[in-house]
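See structure below.
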Amino acid sequence: MKIRSHLMLLIPLVTVFLFQGCAPVAITGATTAVSTVAADRRTAGAMVEDQAIEVKSRLALADRKELNDRVHINFTSFNTTVLVSGEAPTEEDRQAVIDLVKNVEKVTKVHDEISIAAPSSLLSRSADTVISAKIKAKLIAEKDLSTLHIKVVTENGVSYLMGLVSEEEGDIATEVARRTGGVQKVVKLFEYREYLRKQNEEEEPAEEGPGG
């Protein structure tokens, strides 16, 4: 029912674009959104909450202008668990950022991965973006994985992996990340689900006998 209610929200958007002569774009965008919601292992509600948590966290930090000017912080929410990564010059600043996130509505868990250091350079951040893109590309090539199930964040060469996965899926994704050029360390922040292992086993095709 939750997914259906979110899909209904797409109908007015499609209608508006139809009247504006942009039907192909609107329909394609709506179809992509529907496919993403259907394939993601989070509930539709959790997906919306994750987006809201990231926005509220950024706004909370922006409201603390002096603190915001001193730090470089990224907020990544997956299933209401928040990864806080980046750099803060002092322990006091690091704790202040973490306290802000913990007070954001709907946050259930916080992973503090803030380094005590000066903000990273634009060159370093660009390199991290490239590393994350390379990992995602390799994950797409893995037939037993989906990038919709795994979120990748890289800070200073350290790649963080989040998602709802089976232990086997987590191990595969971790190995893929470790083999990616530029990765110095991989940190697993997965939420493991036993039912996914059983589900994957049931979906595997049965081996044919000698006479098959």
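Some observations on this one:
- Residues that are within 15 Å of Asp40 (Cα to Cα), in contact with a helix residue (DSSP H, G or I) (Cβ under 8 Å, 6 or more places away or on another chain) and not hydroxyl-bearing (Ser, Thr, Tyr) within region 153-166 comprise Gly163, Leu164, Val165, listed in sequence order.
- Number of the exception - Thr174 against (1) assigned by TED's automatic domain parsing to the domain that holds Ala52; (2) of a type in the set (S, T, N, Q); (3) over 26 Å from Gly45 (Cβ atoms): (1)
- Residues in region 134-149 that are within 19 Å of Gln184 (Cβ to Cβ) and touching a strand residue (DSSP E or B) at 6+ places or on another chain (Cβ under 8 Å) were compared, and the one that is surrounded by the fewest Cβ atoms within 10 Å (Cβ to Cβ) is Lys136.
- Filter result for the condition that a residue is among the hydrophobic types (A, V, I, L, M, F, W, C) and in a loop (DSSP other than H, G, I, E, B), over Leu123, Leu145, Leu139: Leu145
Rundown of residues vs (1) modelled with pLDDT under 50; (2) assigned by TED's automatic domain parsing to the domain that holds His111; (3) surrounded by fewer than 14 Cβ atoms within 10 Å (Cβ to Cβ), yes/no style:
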| site | (1), (2), (3) |
| --- | --- |
| Ala23 | yes, no, yes |
| Ala30 | yes, no, no |
| Glu54 | no, yes, no |
| Arg58 | no, yes, no |
| Asp63 | no, yes, yes |
| Leu67 | no, yes, no |
| His72 | no, yes, no |
| Ser77 | no, yes, no |
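- Selected residue (only one of Val186, Val107 is in contact with a strand residue (DSSP E or B) (Cβ under 8 Å, 6 or more places away or on another chain), β-branched (Val, Ile, Thr) and in contact (Cβ under 8 Å) with a residue 40 or more places away in the chain): Val107
- Hey, Arg125 within 27 Å of Thr180 (Cα to Cα), basic (Lys, Arg) and over 16 Å from the mean Cα position of the chain (by Cα) or not: yes
- Meets criteria (under 12 Å from Asp112 (Cβ atoms) and either more than 14 Å from the chain's Cα centre (by Cα) or among the acidic types (Asp, Glu) (or both)) for Arg94: yes
- Boolean, Ile11 is among the hydrophobic types (A, V, I, L, M, F, W, C) and either at pLDDT 95 or above or in contact with a Leu (Cβ under 9 Å, 6 or more places away or on another chain) (or both): no
- Residues of region 82-114 satisfying the condition of being of a type in the set (S, T, N, Q) and either closer than 16 Å to Lys65 by Cα or surrounded by fewer than 17 Cβ atoms within 10 Å (Cβ to Cβ) (or both): Thr90, Gln95, Asn103, Thr108
- Among the residues of region 160-178, at least one is of a type in the set (S, T, N, Q), buried (at least 19 other Cβ atoms within 10 Å of the Cβ) and at pLDDT below 95.
The values are calculated or read from the model by the stated rules, or taken from the named source; none is laboratory data. If you're wondering where the values come from, they're calculated on a predicted model, not measured in any experiment. Here Cβ is always computed from backbone atoms with ideal geometry, including for glycine, and neighbour counts include all displayed protein chains.
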